[in-house]
Amino acid sequence: MMKLEAIIQPSRFESVKDALREIGIEGMTVTEVRGHGRQKGHTEVYRGREYTVDLLPKIKLELVLPDALVNRVVDTILKTAKTGKIGDGKIFLSRVEEAIRIRNEERGENAL
Amino acid sequence: MKCAGWKCSFSLVPVLGAILLAVFPLSAQQTPATSATPSTTATSAATPEIPKAVNEKLAQLDKDVKAAQSSADNAWMLVSAALVLMMTGPGLALFYGGLVRRKNTLAIMMQSFALMALITVMWALVGYSLCFGGDGQFIGSFEHAFLRGVGADPNPDYAGTIPQMTFMVYQLMFAIITPALITGATAERMKFSGTVLFLTLWFLVVYAPLAHMVWGKGGLLSASLGGKFPTLDFAGGTVVHISSGVSALVCALYLGKRSGYPKQPMPPHSLVLSFIGACLLWVGWFGFNAGSALAASSLAASAFVATHFAAAAAALGWSAAEWLKNGRASALGAISGAVAGLVAITPAAGFVAPMPALAIGLIAGVVCYWMVTKVKAIFGYDDALDAFGVHGAGGTIGALLTGVFAQQVINPIFGAGKAVGGLDGHWGQVGNQLVGVLIAWVFALVGTLVLLKIVDLLTGVRVPEEHEIEGLDITQHGEEAYNLES
């Protein structure tokens with residue numbers, strides 16, 4: 001099992017979600033987050049005072065996937081989340097030891 | 001001074017009535033009180049004596065015309081009073097409320113609201129009398145303390161066609177918004193107790209004398225009621241805006257900067273609120289300026305038009321300056337410009353024609369933009385919401401330009417045919433305006449400084465830093481503006 005965390009542009013979120021549903025992904029956890037990587041923020045000016053806003057709004061997706069699906073999901077996100085500009089975000093993959101469904105205590109990939 | 005040319009035309013009313021009567025048969029709809037026959041016509045110049053019935057009819061007509069004018073004036077003035085109250089709550093409360101950080105929203109709104117209650121009570125007890133009682137040079141008297149003698153009869157010194165009750169409550173609304181404007185400079189760091197005490201004292205010690213000096217009978221700066229330095233101030237350039245704006249600067253300097261200013265970003269928390277507030281201010285200002293004609297007269301129409309034009313020109317002026325400087329025109333800039341224009345036209349509204357009103361607005365928009373973006377940064381004072389930059393600067397520009405652009409065709413305040421301002425060739429008026437401005441500046445400066453010292457000793461003026469960081473809503477009032485989880 002792998003955990004996939006993807007931080008993407010809010011404007012691409014709907015497309016990514018639809019594309020993931022098309023390849024059969026049934027569940028995900030989504031959070032509205034703020035942060036920055038190499039993308040510089042923007043400046044706002046209020047009555048002559050300039051503020052640099054360097055934490056920008058992003059969407060974070062978290063999915064835990066059976067190993068067999070990981071490559072397809074990564075390809076799908078890469079394809080749909082890309083705008084080609086700085087600030088498109090990142091994907092992080094990490095190994096997951098165990099998954100347990102709370103309702104019936106199923107374990108492993110069955111619990112996903 | 002607020003009263004003006006309508007008085008001259010008023011004396012024409014009975015004359016006009018007589019002419020009408022001579023030309024047209026009396027019709028039953030005008031007055032059923034006397035029994036003139038419909039066939040009565042003014043037949044010839046041969047009869048030198050006017051029949052008694054016609055005389056009675058004339059007298060009745062005269063009375064009815066006066067009653068009709070009084071009704072019309074009173075209706076307009078009551079609406080104007082309500083409009084001016086609307087400028088403080090919700091107008092100014094929303095305008096300022098949106099400009100502060102979210103943790104201080106209720107605190108700044110509450111300051112405006114508290115003044116609506118406090119000044120009203122003070123006004124009833126002594127405030128009105130100190131502003132408009134008696135005929136002293138510097139301050140009113142206790143003649144109308146507890147509103148003694150203020151009832152249905154007009155006070156002919158100030159407004160001869162409306163009940164003094166109406167005049168009194170209209171003037172009250174000005175006394176409310178003026179101290180409320182100062183809270184823009186003390187925002188986000190002044191104690192509620194200190195604010196309340198300071199502004200109550202300020203109303204008595206700074207506002208009341210200045211209002212009497214400029215608008216009161218016999219006041220030092222009165223333009224039409226026997227002032228030594230006749231200063232034109234139609235609706236409060238000196239009394240309202242210079243007094244509050246200059247006091248705001250003193251407060252900002254005395255209190256010191258907000259914790260973290262100017263390094264830490266302190267952007268407005270909701271420009272939507274500010275936007276609504278500014279639009280309400282614009283509308284309310286029609287009551288403020290056009291209402292200052294104290295009658296539903298052509299002068300009120302003139303002031304209404306001048307007010308609107310100046311606001312529009314100033315919004316464009318500020319936006320254009322900002323666009324040139326930053327490459328963008330912001331919503332905050334546009335609404336700030338409109339308010340600056342409204343401030344600047346306030347003393348001039350009932351004296352200037354529409355084209356000069358456009359000029360005054362444009363100048364005020366650009367100069368106030370420069371004040372809040374450049375001058376504030378150079379001197380480094382923390383006038384949090386730019387009460388000085390907009391009201392102090394805009395009020396001063398407006399007061400001086402009133403001396404330039406005032407015309408006797410708009411308002412023959414110095415008597416029929418007498419030159420009023422520079423456009424009429426009376427450039428000395430600019431000097432009078434300068435004296436008025438200087439007196440208002442010095443008075444506000446000294447009065448505010450002394451009062452701040454006193455209040456500092458009694459209640460303290462500034463909240464402790466940890467309270468400032470936590471926000472005044474919680475620390476001063478025990479509540480929050482936005483409980484989004486509830």
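Say we look at the range A:31-47 and pick out the residues that are exposed (fewer than 13 other Cβ atoms within 10 Å of the Cβ) and in a strand (DSSP E or B); which of these is farthest from the other protein chains (Cβ to nearest Cβ)? By that ranking, first place goes to A:T31. Evaluate the following for A:E50: is it in a loop (DSSP other than H, G, I, E, B) and exposed (fewer than 11 other Cβ atoms within 10 Å of the Cβ)? Here the answer is no, as A:E50 does not meet what is asked. Residue under question is B:I360, and the condition is that it be within 14 Å of chain A (Cβ to nearest Cβ), farther than 22 Å from B:L94 by Cα and free of Cβ contacts under 8 Å to residues at least 60 places away in the same chain; does it hold? For B:I360, the condition - within 14 Å of chain A (Cβ to nearest Cβ), farther than 22 Å from B:L94 by Cα and free of Cβ contacts under 8 Å to residues at least 60 places away in the same chain - is not met.
In the range B:423-434, of all residues being out of contact with any Leu (no Cβ under 9 Å at 6 or more places or on another chain) and not in a loop (DSSP other than H, G, I, E, B), the one that is surrounded by the fewest Cβ atoms within 10 Å (Cβ to Cβ) corresponds to B:G431.
The number of residues in the range A:8-44 that are in contact with a Phe, Trp or Tyr (Cβ under 8 Å, 6 or more places away or on another chain) and at pLDDT 90 or above comes to 1. None of B:G317, B:G333, B:G341 is more than 22 Å from the chain's Cα centre (by Cα) and either at positive phi or away from chain A (no Cβ under 12 Å) (or both) except B:G317. Checking the range B:450-460 against the condition returns a match, with at least one residue being touching a residue at least 40 places away in the same chain (Cβ under 8 Å), more than 30 Å from B:L232 (Cα to Cα) and not in a helix (DSSP H, G or I). Looking across B:L458, B:L452, one residue alone is among the aliphatic types (A, V, I, L, M), surrounded by 15 or more Cβ atoms within 10 Å (Cβ to Cβ) and touching a helix residue (DSSP H, G or I) at 6+ places or on another chain (Cβ under 7 Å). It is B:L452. Exactly one residue among B:V390, B:V404 is buried (at least 24 other Cβ atoms within 10 Å of the Cβ), at pLDDT 95 or above and among the hydrophobic types (A, V, I, L, M, F, W, C), and that residue is B:V390. Scanning the range A:53-76 for residues being away from every other protein chain (no Cβ under 14 Å), of a type outside the set (K, R) and part of a strand (DSSP E or B) gives a total of 8. Pull up the range B:260-300, narrow it to residues that are farther than 16 Å from B:S330 by Cα and within 14 Å of another protein chain (Cβ to nearest Cβ), then point me to the one that is surrounded by the fewest Cβ atoms within 10 Å (Cβ to Cβ). Per the stated criteria, the residue is B:K263. Out of all the residues in the range B:169-176, is one or more within 30 Å of B:E468 (Cβ to Cβ), touching an Asp or Glu at 6+ places or on another chain (Cβ under 8 Å) and in contact (Cβ under 8 Å) with a residue 24 or more places away in the chain? For the range B:169-176, residues within 30 Å of B:E468 (Cβ to Cβ), touching an Asp or Glu at 6+ places or on another chain (Cβ under 8 Å) and in contact (Cβ under 8 Å) with a residue 24 or more places away in the chain: absent. Only one entry in B:D73, B:D64 is of a type in the set (D, E), surrounded by 21 or more Cβ atoms within 10 Å (Cβ to Cβ) and part of a helix (DSSP H, G or I), namely B:D73. Looking for something in a loop (DSSP other than H, G, I, E, B) and of a type in the set (G, A, S) - is there at least one such residue anywhere in the range B:401-412? Yes, the range B:401-412 contains a residue that is in a loop (DSSP other than H, G, I, E, B) and of a type in the set (G, A, S).
Scan the range B:322-330 and give yes if some residue there is within 13 Å of B:W282 (Cα to Cα) and crowded, with 24+ Cβ neighbours inside 10 Å, otherwise no. So far as the range B:322-330 goes, no, none of its residues is within 13 Å of B:W282 (Cα to Cα) and crowded, with 24+ Cβ neighbours inside 10 Å.
One residue stands out in the range A:77-92 among those that are among the hydrophobic types (A, V, I, L, M, F, W, C), outside any helix (DSSP H, G or I) and within 14 Å of the chain's Cα centre (by Cα): the one that is surrounded by the fewest Cβ atoms within 10 Å (Cβ to Cβ), namely A:F92. Scanning the range B:248-274 for residues that are over 21 Å from the mean Cα position of the chain (by Cα) and assigned to a helix (DSSP H, G or I) turns up B:V250, B:C251, B:A252, B:L253, B:Y254, B:L255, B:L271, B:V272, B:L273. Scanning the range B:363-391 for residues that are within 10 Å of chain A (Cβ to nearest Cβ) and among the hydroxyl-bearing types (S, T, Y) yields B:Y369, B:T373. Residues in the range B:124-145 that are assigned to a helix (DSSP H, G or I), touching a residue at least 24 places away in the same chain (Cβ under 8 Å) and surrounded by fewer than 17 Cβ atoms within 10 Å (Cβ to Cβ): there are none.
B:K257 passes every criterion in (1) within 14 Å of chain A (Cβ to nearest Cβ); (2) under 22 Å from B:N432 (Cα atoms) apart from (2).
The values are calculated or read from the model by the stated rules, or taken from the named source; none is laboratory data. What you are looking at is a predicted structure, and each value in this text was computed from that prediction instead of being measured. Virtual Cβ from ideal backbone geometry, glycine too; neighbours counted across all protein chains shown.
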